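The values are calculated or read from the model by the stated rules, or taken from the named source; none is laboratory data. Note that the coordinates shown come from a computational prediction; the quantities given were computed from them, not determined experimentally. Note that each Cβ is placed from the backbone with ideal geometry, even for glycine, and that neighbours are counted across all protein chains shown.
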Amino acid sequence: MNILLVCACALMSWASSVLGAPTTKAVDFLMPDVQPQQPDTYLCRSIDVSELQPYITEFIPNAQKEIAHHILLYGCTDPGSSDPLWNCGEMASTGSDLKSASVCASGFHILYAWAMDAPKLKLPKDVAFKVGGDTGINKLVLQVHYKNVSTFLPPESKSDSSGITLVTTNEPKARTAGVYLMDTGGTIPAHSIEYMETACPFREPTLEIHPFAYRTHSHALGRVISGYRVRDGQWTEIGRMNPQNPQMFYNVTTPGITVKKGDILAARCTMENNLDHDVSIGSTQKDEMCNFYIMYFVDGDKLVSDSFCAKPGPPNWYFTDYGNALNLEAMPETASTVPDSGRTLIATAQELQEPERLEMGRELEEEDEDPAEDEVLDKFVAGLSPREVDALVNEMMMSERYPASNDVMDDVKRQERLADVYEW
Ligand code: CU
Ligand code: CU
């Protein structure tokens, strides 16, 4: 009896020390007192997820908008560099001995974004981002875009430790968070308003996702970016924002919205180009971007397997190219209405471009000389699943935007390219 009691006691103390009471830890993930010397420097550092507890429930920014233009937190399978600090921006780091590399070398995820004194982001109850284990996220990478560097230069010569405090726990959560990213390629002609549009069917067979936050991103020409779920031809707004506002994650505009098989996700960026030259999608500030991020949770820990929806954009792809399922007549009239001003923008670019588009179409037809080649291609495409066709189109689009030296891109290269695309 005594022995049994002792055993039970020992077992319980063993259990409580191994299983433990849930612990919550705040981990600072900050720049190591850096002194960037040039405006628009992008610095990256990584942290191994083994140093963290596996569930992240809150992101607390430590930064000021006067110094940091943006901060992004990525999850990578492999980081772009094993150096403690590296240059992860567009510009080669002149006057610094830091090496330049992409954010991730493989396995690219976005977890959090901060800009313009955005407040902290606390995930909903029972929801966490999961890292480590079989998630494909082995490292977190912190990217800080330094805007103003004057305080780092003499005579002040200050240093900076901007970053994010991660609130982590070892207590498993019933729900897991993920990010789904919609974007386009394309060109906005000079002196025109243009729609950049993307739409994809949601194909997860059994998964239902719960979007709870969204984020829009463009550069200077974006006026309004809106995202929708289309279910049985009915459009429901997930979010709509003027991308000139702080580009942080906001609560979805339809709380409680869900997305499941059979739904279509659709997003439009309404862009206004008053410049004398065309502007295309690309990774520098002179280029444009059209991104709509959806932060969602699922019950359990299985996330969406394909979390990108990319389309070629104008003049090669519009909602009208999707097919009837999108039921365009039902699209809300506010899709191109800037929320804060109530101003609605109507595209002018298509009319402007129509003769040119027709011309392009003609050229393509003329190039189509070898019917045998066509037949082979048709057969090849007919043998693919819709998802493979989408992947192929995305791949072609990517290689158009970022011409590769050869047609075959291995996964690592593609990830690098994605990392390039999704840096600001
Ligand atoms: Cu930035
Ligand atoms: Cu950008």
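Among residues of segment 249-286 being in contact with a strand residue (DSSP E or B) (Cβ under 6 Å, 6 or more places away or on another chain) and outside any strand (DSSP E or B), the one that is nearest to residue 203 (Cα to Cα) is 263.
Comparison of 240, 231 shows that the only residue that is more than 16 Å from ligand 2 (Cβ to nearest atom) and buried (at least 21 other Cβ atoms within 10 Å of the Cβ) is 240. Contact map, segment 241-259: first residue in contact (Cβ under 8 Å) with a residue 60 or more places away in the chain, second residue assigned to a loop (DSSP other than H, G, I, E, B), Cβ cut-off under 7 Å, separation 6 or more or different chains; pairs are 241/339; 242/338; 242/339; 242/340; 246/116; 246/118; 248/118. Checking each residue in segment 32-53 for being of a type in the set (Asp, Glu) and closer than 15 Å to residue 89 by Cα picks out only 40.
Listed by position, the strands (runs of 3 or more DSSP E) inside segment 1-75 whose residues that are closer than 24 Å to residue 105 by Cα, modelled with pLDDT of 85 or more and within 14 Å of ligand 1 (Cβ to nearest atom) number at least 2 are 41-48. Among the residues of segment 243-272 satisfying the criterion of being within 16 Å of ligand 2 (Cβ to nearest atom) and within 19 Å of residue 341 (Cα to Cα), which is surrounded by the most Cβ atoms within 10 Å (Cβ to Cβ)? Among residues in segment 243-272 that are within 16 Å of ligand 2 (Cβ to nearest atom) and within 19 Å of residue 341 (Cα to Cα), the one surrounded by the most Cβ atoms within 10 Å (Cβ to Cβ) is 269. Which of the residues that make up segment 130-159 are surrounded by 15 or more Cβ atoms within 10 Å (Cβ to Cβ) and more than 16 Å from ligand 1 (Cβ to nearest atom)? Selection gives 130, 131, 132, 135, 136, 137, 138, 139, 140, 152.
For every residue, the table says whether it meets (1) closer than 15 Å to residue 263 by Cα; (2) over 21 Å from the mean Cα position of the chain (by Cα); (3) among the basic types (Lys, Arg).
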position	(1), (2), (3)
300	no, yes, no
303	no, no, no
310	no, no, no
313	no, no, no
316	no, yes, no
328	yes, yes, no
338	no, yes, no
346	no, yes, no
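Taken together, the residues in segment 209-220 that are crowded, with 21+ Cβ neighbours inside 10 Å and within 16 Å of ligand 1 (Cβ to nearest atom) amount to 4.
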